[in-house]
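Asks: Can you read through this structure? Questions will come right after.
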Amino acid sequence: MSDVRPLRPPSSRRVFVARLLAAYALARVVSTTILLVVLPRQVPSSMTGGDGVPVTYFSFTALWDGEWYGTIAHTGYPDVLPIGDAGRVGQNPWAFYPLFPLLSRLGMTVTGLGFPTVASTIALLCGVGAAVLMGLLLRERIG
């Protein structure tokens, strides 16, 4: 007896991908809603565009590690590592891989949009691609 499974029809794959995309979209709606609910409580700071500058959805999405990626996208990596008082290397952009800021810089150059908007869009598109790819790779296990 053979353990070969029959191929599924292409329409079945399209339905599966459509369901994946719907689930991903729903997850993004939930996470965006959470960000929008929390957004008014974010105090303006240098990370969100400066004191007194209203915090926007896109500036909010570029907080935390996004600030480092934004620095790399705008100015690249530093030539000299910062050394603290204790003689240890301080926090710096070298801890972050270059592909995401490189794509962001390219997107900023092509569109004229700022880092937060471009980076959020790239992250969204990469998330869609990853969800579809993982879904297709795991399809036999998850149904």
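Asks: Arg88 passes all but one of (1) basic (Lys, Arg); (2) under 20 Å from the mean Cα position of the chain (by Cα); (3) surrounded by fewer than 10 Cβ atoms within 10 Å (Cβ to Cβ); which number fails?
Replies: So Arg88 meets the others, but not (2).
Asks: Show me the helices (runs of 4 or more DSSP H) found entirely inside the stretch 45-143 where at least 3 residues are among the hydrophobic types (A, V, I, L, M, F, W, C).
Replies: Ranges flagged: 65-75, 99-111, 115-137.
Asks: Just to check your reading of the model, which residue among Val30, Val4, Val17 is closer than 25 Å to Arg139 by Cα, surrounded by fewer than 16 Cβ atoms within 10 Å (Cβ to Cβ), at pLDDT below 85 and hydrophobic (A, V, I, L, M, F, W, C)?
Replies: Going through Val30, Val4, Val17 in turn, just one is closer than 25 Å to Arg139 by Cα, surrounded by fewer than 16 Cβ atoms within 10 Å (Cβ to Cβ), at pLDDT below 85 and hydrophobic (A, V, I, L, M, F, W, C): Val4.
Asks: Within the bounds of the stretch 63-82, is there any residue that is over 29 Å from Thr32 (Cα atoms), touching a strand residue (DSSP E or B) at 6+ places or on another chain (Cβ under 6 Å) and either surrounded by 10 or more Cβ atoms within 10 Å (Cβ to Cβ) or of a type outside the set (Lys, Arg) (or both)?
Replies: Yes, some residue in the stretch 63-82 is over 29 Å from Thr32 (Cα atoms), touching a strand residue (DSSP E or B) at 6+ places or on another chain (Cβ under 6 Å) and either surrounded by 10 or more Cβ atoms within 10 Å (Cβ to Cβ) or of a type outside the set (Lys, Arg) (or both).
Asks: In the set Thr117, Thr109, which member is modelled with pLDDT under 95 and out of contact with any Lys or Arg (no Cβ under 6 Å at 6 or more places or on another chain)?
Replies: Thr117
The values are calculated or read from the model by the stated rules, or taken from the named source; none is laboratory data. Computed from a prediction, not measured in an experiment: that's the story for all the values here. Counting neighbours? That spans all protein chains shown, and the Cβs are built from the backbone with ideal geometry, glycine included.
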